[in-house]
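The values are calculated or read from the model by the stated rules, or taken from the named source; none is laboratory data. All values derive from a computational prediction rather than experimental measurement. Note: ideal-geometry Cβ built from the backbone for every residue, glycine included; neighbour counts use all protein chains shown.
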Ligand code: FDA
């Protein structure tokens, strides 16, 4: 018999499992995939940690979260500086003085600001993403760096997307290609899979096990359940499925030591069918004689496909609220993580949420457990 069954060995489930083990609980973790780690999983191929489900760069401004994860790994000094490729023209990201220099040849921040100001199409209340972006940055940045990429990502023209898709457009008037502003950033030196392995030490782990297919048998093994799978799936989609955008990854090992010279290259034109190529070795300054690249294709989603990005529109928000109401009405199963809460969570927010939820759900009994041993 276990004190806790954790469904899903992603970051949320792994933090919850670690916190329970730390307090002396007996924990069973099941995952329907054949590996642990959820979407953060890295697989070692030719000595290279391959981010199987898209680039995962850890960053935070919260020292406590950084230190928490450093119990399980050492981070390297990787800094995310992606490059945008528009029909063979290369631009630094995020939009900064290097980008403006590449676009227009301007050299000073004043020249860049004047260029943007001259192009902006002011609009007091933009009705769609196109109007919104044109009003903030003007035509060149929109056409070359925003439109094609965003339309591929969401499968819809920018004129049919809400401004909220890109509420803020970070413009930097310094020569700074560091994508993130956070002071703490990096990639676990031994890969994310090792981080999760360490978090789950002492737990029983059953992989390739779909909780929903073995629910009564698994429920009978534990006093409480933390479920990090899809909330609508838990209820058999009986109110209808929540919608997502999906992704398809094409991984390839190439017999060259350096394919594109950067970890993340975005393809911002509408004609290239993928949005990004990731060259994994550059996350870790790898010197292997070969390289592994992954092309990332945005895709529509149907029940059964891998869900990646929740579609936060009114219909889905209302549907989620109905599933949530049911979930809140029961206390034996607790729902958490990006699928259980139908929201996009960065890794730092996933860790924060898992720690807070653990306290909320089990805090009192844990304290008693801590005291009693
Ligand atoms: P996650 O999806 O990782 O784990 C859920 C687990 O539950 C999975 O292992 C799944 O197999 C399992 N499961 C589901 N149903 C089940 C069932 N019925 N039975 C058994 N097991 C079941 N964040 C960041 O900070 N920096 C970054 O660079 C990125 N990059 C990034 C790229 C892409 C493409 C995406 C989609 C997301 C990111 N993220 C990110 C976000 C990051 O992936 C996210 O914060 C965590 O993966 C969330 O962890 P969870 O445990 O909530 O979900």
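Just to check your reading of the model, which residue among 297, 344 is in a strand (DSSP E or B), within 15 Å of the ligand (Cβ to nearest atom) and surrounded by fewer than 19 Cβ atoms within 10 Å (Cβ to Cβ)? The unique qualifying residue is 297.
Name the single residue, out of those in the stretch 240-286 being touching a helix residue (DSSP H, G or I) at 6+ places or on another chain (Cβ under 7 Å) and part of a strand (DSSP E or B), that is surrounded by the fewest Cβ atoms within 10 Å (Cβ to Cβ). Within the stretch 240-286, the match that is surrounded by the fewest Cβ atoms within 10 Å (Cβ to Cβ) is 245. Do we have residue 214 as farther than 26 Å from residue 283 by Cα and in contact with a strand residue (DSSP E or B) (Cβ under 9 Å, 6 or more places away or on another chain) here? Judged against the criteria, residue 214 is a match. Applying the condition of being touching a residue at least 24 places away in the same chain (Cβ under 8 Å) and surrounded by fewer than 20 Cβ atoms within 10 Å (Cβ to Cβ) to the stretch 215-224 and asking which residue is nearest to the chain's Cα centre (by Cα) yields 224. Looking across the stretch 1-43, the residues that are under 18 Å from residue 348 (Cα atoms) and within 6 Å of the ligand (Cβ to nearest atom) come down to 8, 9, 10, 11, 12, 13, 38, 39, 40. For residue 190, the test of being more than 12 Å from the ligand (Cβ to nearest atom), assigned to a loop (DSSP other than H, G, I, E, B) and within 20 Å of the chain's Cα centre (by Cα) is passed.
To keep it simple, each residue is scored yes or no on (1) surrounded by fewer than 21 Cβ atoms within 10 Å (Cβ to Cβ); (2) at pLDDT 95 or above; (3) closer than 16 Å to residue 306 by Cα.
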site: 37; (1), (2), (3): no, yes, yes
site: 47; (1), (2), (3): yes, yes, no
site: 58; (1), (2), (3): no, yes, no
site: 61; (1), (2), (3): yes, yes, no
site: 67; (1), (2), (3): yes, yes, no
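Taking each residue of the stretch 225-254 that is assigned by TED's automatic domain parsing to the domain that holds residue 328 and over 30 Å from residue 293 (Cα atoms) and looking for partners that are surrounded by fewer than 13 Cβ atoms within 10 Å (Cβ to Cβ) and at pLDDT below 95 with beta-carbon atoms closer than 8 Å, six or more apart or interchain, yields 225/332. Restricting the search to the stretch 313-341, which residues are without any contact (Cβ under 8 Å) to a residue 24 or more places away in the chain and assigned to a loop (DSSP other than H, G, I, E, B)? Across the stretch 313-341, the qualifying residues are 329, 330, 331.
Flag: residue 159 matches the condition of being more than 24 Å from residue 106 (Cβ to Cβ) and surrounded by fewer than 18 Cβ atoms within 10 Å (Cβ to Cβ).
Which one of 62, 67 is within 16 Å of the ligand (Cβ to nearest atom) and not assigned by TED's automatic domain parsing to the domain that holds residue 268?
62
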